[in-house]
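First up is the structure itself, then whatever we jot down about it.
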Amino acid sequence: PGVVILKSMPSDAAIWHNGKDTGEKTDHLMELPTGTHEIILKLSGYKDITKNVYIKPEGFFETKSRLKKEPHIPLTEPTFIDPVTGMEFLYIPGGKFVMGNIFGDGNEVERPVRQVELDGFYLGKYPVTQGEWFVLMGNNPSGFNKGKEYPVECLSWNDAQAFLELLTSKNNGRYNFRLPTEAEWEYAARSGGKQEKYAGCNSPDTVAWCYKNSRETSHSVGKKLPNGLGLYDMNGNVWEWCQDYWCDLYPSGAATNPKGPLAGSWRVVRGGCWNSKTKEVRSTSRYR
């Protein structure tokens, strides 16, 4: 192999090699096999720099780059459209809320009730659809393969991670796509942490496809009413993965941007689905 060293001004730009994040920063020595390589330098707030480098056997290559500033979407923009799939994201302003079994009618795993503070974030306006999944992944694993506006389903948590990793890569790492944390999901479902049993109201029929009204099938996204933030299908239709590992009980005490346990055997799902009972599609309900 040959050796490459990349320097940037400002320093500490992330190094992407052939479409993947190396986890290294500039000023790091890299060994690369003989041949042509695409190297991209990325730094938040600056335009990416792409270099095609040819490595000779046992050769040495050094390059220096000055990054140019690039304005990014400010966190006050109400919507963001992903240029790859066309998915629409809504900005969820940060704030404080009481998370968990606020109505006293939930399960033990929804306790203890605790105060949580979150930073602002973007969340998909709808569940990911079969059409959006197909555009990126080239397949459709859904059991209800009825059309591109139906939510994609029959996905493992790892399937979701593969989708997110490819989506981030296709956007050249400019945006970081991930699943919401469990706290972010509940805060968003409850219209910014309001005292709502369901997403936008205290009655499931207007916002959720569930056992009593679904006719035993999923439905096209956006056919029920949105919640107070403009999000659709947070309750019912299909289960939604969260980023967190599962915990049997919440940690006690207030928390800021909680991310769940550091390890575990299960991941969290939220929202219930087309064959869930009304109790299971409450916004505080949680399962693994």
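The values are calculated or read from the model by the stated rules, or taken from the named source; none is laboratory data. Because the structure is predicted, anything quoted here is derived from the model rather than measured. Cβ atoms come from the backbone with ideal geometry, glycine included; neighbour counts cover every protein chain shown. For accessibility, only protein heavy atoms count, side chains too; no ligands or nucleic acids. Shrake-Rupley method; radii C 1.70, N 1.55, O 1.52, S 1.80 Å.
Where both residues lie in the chain, what percent of DSSP beta bridges are antiparallel, nearest 5?
Of those bridges, close to 80 percent are antiparallel.
What is the Cα radius of gyration of segment 157-288 over 2.2 N^0.38 Å, N being its residue count?
Segment 157-288 yields a ratio of 1.08.
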Keeping all protein chains in place and using 1.4 angstrom, which order do His37, His28 fall into by accessible surface area, from largest down? His28, His37
Relative contact order of the chain, please, whole-number percent, based on alpha carbon pairs below 8 angstrom and at least 6 residues apart. 15 percent
At 7 Å along the Cα-to-beta-carbon direction for both Trp266 and Glu31, put a label point, then send me their distance in nm to one decimal. 4.4 nm
Taking the Cα centre of the chain as origin and charging only Cβ (+1 Lys, Arg; -1 Asp, Glu), how large is the dipole, in debye to the nearest 20? 400 debye
At R0 = 41 Å the Cβ-Cβ FRET efficiency linking Lys47 and Ser252, nearest 0.05, sits at 0.35
Using a 1.4 angstrom probe and counting only protein chains, how large is the accessible area of Arg270 in Å², to 10? 0 Å²
Rounded to two decimals, what is Rg over Rh for the chain when you use alpha-carbon atoms and the Kirkwood radius? 1.04
Calculated FRET efficiency, Thr217 and Asn140, Cβ-Cβ r, R0 22 Å, to nearest 0.05? 0.90
Excluding exposed DSSP-loop GluC sites (Glu not before Pro) (at most 13 other C-beta within 10 Å), longest clean stretch of the chain: 59-215
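Evaluate the relative contact order of segment 1-94 (contact order divided by residue number), counting alpha-carbon pairs under 8 angstrom at least 6 apart; express in whole percent.
Numbers: 185 pairs, mean separation 26.7, N = 94.
Computed value for segment 1-94: 28 percent relative contact order.
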So what's the back-of-envelope 222 nm ellipticity for the chain, counting only DSSP H runs of four-plus at -39500 (n - 2.57) apiece and dividing by all residues, rounded to 500? -3000 deg cm²/dmol
Return the long-range amide H neighbours of Gly272 (sequence gap of 5 or more, or a different chain), with a cut-off of under 5 Å between placed amide H atoms. Gly236, Glu240
From the square roots a ≥ b ≥ c of the eigenvalues of the alpha-carbon gyration tensor of segment 69-199, which class results: rounded (a/c under 1.5), prolate (a/b over b/c), or oblate? oblate
Note: Thr79 to Asn172 extended length (0.36 nm per residue) minus current alpha-carbon separation gives 31.5 nm
Counting pairs of alpha carbon atoms under 8 Å apart in space and at least six apart in sequence, what relative contact order in percent does segment 101-209 give? 16 percent
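With the Cα gyration tensor of segment 62-142 giving a ≥ b ≥ c as the square roots of its eigenvalues, does the rule (a/c under 1.5 for rounded; else a/b larger than b/c for prolate; else oblate) give rounded, prolate or oblate?
oblate
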For Phe61, enumerate residues with amide H under 5 Å from its amide H, sequence gap 5+ or separate chain, H modeled in the peptide plane. Val3, Val4, Ile5
Just to confirm my numbers, what's the Cα centroid distance between segment 252-268 and segment 201-248 in Å? 23 Å
